Amino acid sequence: MMAENERKISIENTDVNDVTADSVVLTRAGARDIRADTVEIVQGSVQSVSAEKMILRQGVAQTISAREVTVRQGGMVQVDAETVSMSRGGAALIHGDNVSVNAGSVGAVIASGDVTLDQSASKAVVAQQKITIDQSAVMAAFAGRVKVSNSNVVFLVAGRVDGEIKPMFDTTAALAFGAAAGLTFALAMRVKKLFRRRK
């Protein structure tokens, strides 16, 4: 099913291919590609969305490109938006200006503005401005300014840090870890070289 240039389309309990409209509401349904000013997905799934405003509730989306994205209990693979607000959701990659995650999980966040993680987890967070980490866990954080409260951060690089930081590695542990990693890499390269000679 393909709809061209209709004002508002509501799709329920069925799967469709491509949809283009001013406004699309997808409820307990699936779609391949949606292009609209406003898109709302409730308990549905979509492969690709291009919109000004996107709302995802208890649904999944593979790729989202929008100005504003709001997620409540949803999952996404890749998001590219100016503003992302996610609550109790998950995403592999979020790229945006300002990103806020509450009780969620993100593989990586890249932001030109600010990032806020509240009771959330992320492997990597990179922000040009500020990262606020509250009751969260982050593997690596890189920003001009980082504010941490009741959280765990393994690797942190920041121009300014506010809050109490409990480093996972102090200087001695970091040197020991680096030496062990270097030795392991060197041994692995020697073993690889030996196997290549035998062939």
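FYI, it's all coordinate maths here, none of it is from the lab. If you're wondering where the values come from, they're calculated on a predicted model, not measured in any experiment. A quick note on method: Cβ atoms are made from the backbone with ideal geometry, for glycine too, and the neighbour counts reach across all protein chains shown.
Between the helical axis of 171-198 and the dominant principal axis of the chain, each derived from Cα atoms, what acute angle in degrees is found, rounded to the nearest 10? Computed tilt is about 90 degrees.
Binning the C-alpha pair distances of region 99-199 at 5 Å intervals from 0 yields a P(r) profile of 3, 12, 20, 18, 11, 9, 9, 7, 5, 3, 2, 0 %, listed from the shortest bin outward. With springs connecting C-alpha atoms under 10 Å apart, model the chain as a Gaussian network and identify which of Ala29, Ala181, Ala140 has the largest mean-square fluctuation. Maximum fluctuation in the GNM of the chain, among the listed residues, is at Ala181.
The residues Glu164, Glu82, when put in order of fewest to most other Cβ atoms within 10 Å, stand as Glu164, Glu82. For an R0 of 25 angstrom, estimate the FRET efficiency from the Cβ-Cβ distance between Thr27 and Thr63 and round to the nearest 0.05. E between Thr27 and Thr63, to the nearest 0.05, is 0.75.
Taken over the alpha carbons of region 92-146 as equal point scatterers, the Debye sum produces base-10 log I(q)/I(0) values at 0.14, 0.17, 0.24 Å⁻¹ of -0.25, -0.38, -0.80. If only the Cβ of Lys and Arg carry +1 and only the Cβ of Asp and Glu carry -1, the dipole of region 1-82 around its Cα centre is close to 280 debye.
Please arrange Arg7, Arg145 by how many other C-beta atoms lie within 10 Å of their C-beta, fewest to most. Let's see the in-between values first.
Numbers: Arg7 9, Arg145 15.
Least to most surrounded, the residues fall as Arg7, Arg145.
Projecting the Cα atoms of Met86, Leu194, Val125 onto the dipole axis of the chain, where Lys and Arg carry +1 and Asp and Glu carry -1 at the beta carbon, places Leu194 farthest toward the positive end. Recomputing Kirkwood radius over Cα pairs in Å from the coordinates shown identifies the correct label among (1) 18.1; (2) 18.7; (3) 17.7 as (2).
Rounded to the nearest 500, what is the 222 nm mean residue ellipticity of the chain from helices alone, with -39500 (n - 2.57) per DSSP H run of 4+ residues and division by all residues?
Working: 1 runs with 28 residues, N = 199.
Roughly -5000 deg cm²/dmol at 222 nm, from the helical runs in the chain.
Relative to its residue count, region 1-82 spans a Cα convex hull of 59 Å³ per residue. In terms of packing, defined here as the mean over residues of other Cβ atoms within 10 angstrom, the peptides 10-16, 102-108 line up highest first as 102-108, 10-16. Computed from label points 7 Å out along Cα-Cβ, the spacing between Ala176 and Asp18 is 6.0 nm.
Taking packing as the residue-averaged number of other Cβ atoms within 10 angstrom, the listed peptides 95-101, 129-135 run from highest to lowest as 95-101, 129-135.
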